[in-house]
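Colleague: Take this structure first; my questions come after.
The values are calculated or read from the model by the stated rules, or taken from the named source; none is laboratory data. If you're wondering where the values come from, they're calculated on a predicted model, not measured in any experiment. Methodologically, a virtual Cβ is constructed for each residue, glycine included, from the backbone with ideal geometry; neighbour enumeration extends over all protein chains shown.
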């Protein structure tokens with residue numbers, strides 16, 4: 001199964017201890033579960049994050065098989 005590159009930004013990267021990882025999860029929901037299992041500190045942050053799959057807004061059980069990247073974007077301060 002192909003892996004997707006997961007890029008974490010700002011507070012998500014800080015909580016995960018890395019800016020990038022990979023996953024073979026098939027849905028966005030499964031990816032979230034996998035990230036929390038591997039990095040429990042992400043739990044509080046992920047609930048506030050926006051997810052982009054190949055640059056497009058994604059949520060819930062969206063299929064991510066075949067995607068190149070998933071960006072995990074926490075809320076940013078300012079404008």
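Colleague: Look through 31, 37 and report the one residue that is touching a strand residue (DSSP E or B) at 6+ places or on another chain (Cβ under 7 Å), at pLDDT 95 or above and not in a strand (DSSP E or B).
Modeller: 31
Colleague: Return the residue satisfying two criteria in turn: it lies in region 40-78 and is assigned to a strand (DSSP E or B) and in contact (Cβ under 8 Å) with a residue 60 or more places away in the chain, and of such residues it is farthest from residue 6 (Cα to Cα).
Modeller: In this case the residue turns out to be 73.
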